[in-house]
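Have a look at the structure below, then the notes.
The values are calculated or read from the model by the stated rules, or taken from the named source; none is laboratory data. Nothing here was measured: the structure is a model prediction, and the numbers come from that model. In this analysis, Cβ positions are derived from the backbone assuming ideal geometry, glycine residues included, and neighbour counts consider all displayed protein chains. Each accessible area value is taken on the protein alone, full model and side chains, heavy atoms only, with ligands, DNA and RNA left out. Shrake-Rupley method; radii C 1.70, N 1.55, O 1.52, S 1.80 Å.
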Amino acid sequence: MSGAVKSPGAYELLGRVRLADALAMAGGLTDEAGRSAQVSRKRADAPTAPAVTTVIDLDKLATAKDEVNLELQAGDVIEVARAARITSAVR
């Protein structure tokens, strides 16, 4: 787990763990978290192929719909995006 979470790092999945559970295990989102997370998964049928990445809308995840609250598998990599910073110049 990396990106805009309070406690990034590797976490052991015990039993069935969904994305929302994993985010909670990592202490939740930081104040700088954006609105999306990426879950990258190696293909079991083609381990040398590039990982398949699924982008999850974190606003939809908050509604706890199973279609966005993915069940995680061993080896999944989760990256929580940081929000874009918009600055304005004052003249």
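R85 - would you say it is open to solvent by 40 Å² or more (accessible area, probe 1.4 Å), part of a loop (DSSP other than H, G, I, E, B) and of a type in the set (D, E, K, R)? Let's see the steps before the verdict.
Details: open to solvent by 40 Å² or more (accessible area, probe 1.4 Å): yes; part of a loop (DSSP other than H, G, I, E, B): yes; of a type in the set (D, E, K, R): yes.
Spelling it out, R85 is indeed open to solvent by 40 Å² or more (accessible area, probe 1.4 Å), part of a loop (DSSP other than H, G, I, E, B) and of a type in the set (D, E, K, R).
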Filter segment 52-80 down to residues that are part of a strand (DSSP E or B) and open to solvent by less than 40 Å² (accessible area, probe 1.4 Å) and give me whichever is farthest from G27 (Cα to Cα). I56
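Residues of segment 23-46 being in a loop (DSSP other than H, G, I, E, B), of a type in the set (G, A, S) and either without any contact (Cβ under 8 Å) to a residue 12 or more places away in the chain or over 15 Å from L72 (Cβ atoms) (or both), which ones? Don't jump to the end; show me each part of the working.
Taking segment 23-46 as the starting set, the residues that turn out to be in a loop (DSSP other than H, G, I, E, B) are 26-28, 30-32, 42-46.
Subset that is of a type in the set (G, A, S): 26-28, 44, 46.
Selection gives G27, G28, A44, A46.
Identify all residues within segment 26-46 that are open to solvent by 80 Å² or more (accessible area, probe 1.4 Å) and closer than 12 Å to M1 by Cβ; write none if there are none.
Here is the first cut: in segment 26-46, the ones open to solvent by 80 Å² or more (accessible area, probe 1.4 Å) are 31-32, 35, 38, 42-45.
The answer is Q38, and nothing else.
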Tally the residues that are within 22 Å of S7 (Cα to Cα), modelled with pLDDT of 90 or more and hydrophobic (A, V, I, L, M, F, W, C), restricting the search to segment 47-67. 4
Please state which of the following conditions S7 fails to meet, knowing it meets all the rest: (1) part of a loop (DSSP other than H, G, I, E, B); (2) over 18 Å from A81 (Cβ atoms); (3) at pLDDT 90 or above. (2)
Name, by its number, the condition in (1) in contact (Cβ under 8 Å) with a residue 12 or more places away in the chain; (2) assigned to a loop (DSSP other than H, G, I, E, B); (3) open to solvent by less than 70 Å² (accessible area, probe 1.4 Å) that does not hold for A49. (1)
